[in-house]
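**Q** Below you will find the structure I want to go over with you.
The values are calculated or read from the model by the stated rules, or taken from the named source; none is laboratory data. Remember, it's a predicted structure, so these values are computed and weren't measured experimentally. All Cβ positions, even for glycine, are placed from backbone atoms using ideal geometry, and neighbour counts span all protein chains on display.
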Amino acid sequence: MIGTGSGPPTFAHPCRLTIYVCDSAMHHHKPLCDVIVRRAHEAGLSGATVLRGIEGFGRSGDVHTTRILDISDHLPVAVMIVDDEARLRDFVHLNDDCIHGRLVTLEPLEIYDSSTAGESEPPTAGR
């Protein structure tokens, strides 16, 4: 993180790390998503969010859903962490023990700072 102020944090290369797990995944008898969030917090990363899906499928090809007549186990969960690219890459390598074999993505971000809205003209398509 480069700096903080009244607006959102500033990063040299802002990225979003997303780790896809299922809600029943455990690591040493604790929910995996909880372990990942706790470790991200302990690492001093900017923030983490856990989103629970209502339906999905993965490598097995089995569709898991929350529909009333279906048993809702193995639902998709996405743990999303936003910080600088280098810090996120380090986090992945340091936590391979709990995320090895999971789908992990790293995407560049453009962070919108509403505190500076209107200071400059937004880009227009076709210019």
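**Q** Of the numbered conditions (1) in contact with a strand residue (DSSP E or B) (Cβ under 6 Å, 6 or more places away or on another chain); (2) surrounded by fewer than 18 Cβ atoms within 10 Å (Cβ to Cβ); (3) among the aliphatic types (A, V, I, L, M), ILE36 satisfies every one except a single condition; which is it?
**A** Just one mismatch for ILE36, condition (2).
**Q** I'd like the full set of residues that are small (Gly, Ala, Ser) and either modelled with pLDDT under 95 or touching a helix residue (DSSP H, G or I) at 6+ places or on another chain (Cβ under 8 Å) (or both), limited to the range 36-46.
**A** Within the range 36-46, ALA40, ALA43 meet the criteria.
**Q** Please enumerate the residues belonging to the range 39-61 that are buried (at least 16 other Cβ atoms within 10 Å of the Cβ), in contact (Cβ under 8 Å) with a residue 24 or more places away in the chain and in a strand (DSSP E or B).
**A** Passing the criteria: ALA48, VAL50.
**Q** If I filter the range 64-85 for residues that are small (Gly, Ala, Ser) and modelled with pLDDT under 85, do I get at least one hit?
**A** yes
**Q** Could you run through the range 14-35 and say how many residues are closer than 18 Å to ASP84 by Cβ and either modelled with pLDDT under 95 or not basic (Lys, Arg) (or both)? Can you show your working first?
**A** Taking the range 14-35 first, the residues closer than 18 Å to ASP84 by Cβ are 14-19.
From what is left, the residues that are either modelled with pLDDT under 95 or not basic (Lys, Arg) (or both) are 14-15, 17-19.
Going through the range 14-35 one residue at a time, the tally reaches 5.
**Q** Related question: Can you run down the residue pairs with Cβ atoms below 9 Å, 6 or more apart or on separate chains, where the first is in the range 1-17 and farther than 15 Å from LEU88 by Cα and in a loop (DSSP other than H, G, I, E, B) and the partner is modelled with pLDDT under 90 and acidic (Asp, Glu)?
**A** Qualifying pairs under 9 Å: GLY7/ASP113; PRO8/ASP113.
**Q** So is GLU110 surrounded by 14 or more Cβ atoms within 10 Å (Cβ to Cβ) and either out of contact with any Lys or Arg (no Cβ under 6 Å at 6 or more places or on another chain) or at pLDDT 95 or above (or both) or not?
**A** For GLU110, the condition - surrounded by 14 or more Cβ atoms within 10 Å (Cβ to Cβ) and either out of contact with any Lys or Arg (no Cβ under 6 Å at 6 or more places or on another chain) or at pLDDT 95 or above (or both) - is not met.
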